[in-house]
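First comes the structure, then the notes that go with it.
Taken together, the values in this text are just the output of simple stated rules run on the coordinates, not laboratory data. Here the structure is a predicted model, which means the values were calculated and not measured.
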Amino acid sequence: MRKKLKVGFSKVDMSGQTIVLDPQLSLHTPEKLWYSTAIRSIDHAIESFCAVAANPYIRANTWQAVRLFFSSLRRTMQNPRDLDARLSSQEAVWLATPGLFRVLMGASHGISYLLGSIGGAPHGYTSCVTLPAVLRWNASVNGDLQRELAGAIGEPGRSVADSLGALLDDLSLPRTLKDIGITPAMIPQIIEYALQSPIVAANPRPIKTEADLLEILELAS
């Protein structure tokens, strides 16, 4: 039976031992794929930074990743052949990873998985929609951490969700559930699975009811 769930597999030595960052090669990457994949990595960085179990090492690296992304992506938009900007984005991806498999992320990741598995939305696009909504919903419990991230972005007087929204607009990326093909008919199954997800359960602001998820999805609408 098809359940439409994302499932992960891991094994010792499953990944490569050496990674080469070559911005020249990235010139062949389709623009929307380059930008949306970067937003997915921003999602990794921000949810790792805000994770309940995050430590100073994770937060130092992911803070720097956010700083580099918000600068380098706009520079790439202005000049797609700016190799220094592309290399900064590649370095930001690396810096965004210390929390992976060390801390559980949160509702942006947990809901994103379901938008992809149930709705067929591309992986990068799902973060464009869920991360601003989850940041707004979580602000009452981790506003101090979000203010630190606002400093990394260089907009200390602005909410991180608003700064991220402006970046998405600049990059012409989707902002709403409708933009990525999520229909009202899909919402009940998304909510059902989300309430069983350990990733959603790890969200800094506890998500316990259907009403909590509906609030987040409304913010993403």
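Key figures for this structure:
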| quantity | calculated |
| --- | --- |
| Estimated D of region 59-105 in µm² per second, where Rh is the Kirkwood radius over Cα pairs and Stokes-Einstein applies at 4 °C, 1.567 mPa s | 118 µm²/s |
| Compactness relative to 2.2 N^0.38 Å, alpha carbon Rg of region 63-175 | 1.08 |
| Set of lysines with alpha-carbon distance to residue 178 below 28 Å, sequence-local pairs under 8 removed | 3, 4, 6, 32, 208 |
| Share of alpha-carbon pairs per 5 Å distance bin for the chain, given as whole % | 1, 7, 15, 19, 21, 17, 12, 6, 2, 0 |
| Per-residue ³J(HN,Hα) for region 174-184, Karplus 6.51 cos²θ - 1.76 cosθ + 1.60, θ = phi - 60°, Hz, x for Gly and Pro | x, 10, 10, 4, 4, 4, 10, x, 7, 9, x |
| Amide H contacts of residue 207 (H built 1.01 Å from N, under 5 Å, at least 5 apart or other chain) | none |
| Most mobile listed residue (201, 60, 121) in the chain, GNM with C-alpha springs under 10 Å | 60 |
| Cα gyration tensor, region 114-221 - rounded (a/c under 1.5), prolate or oblate | oblate |
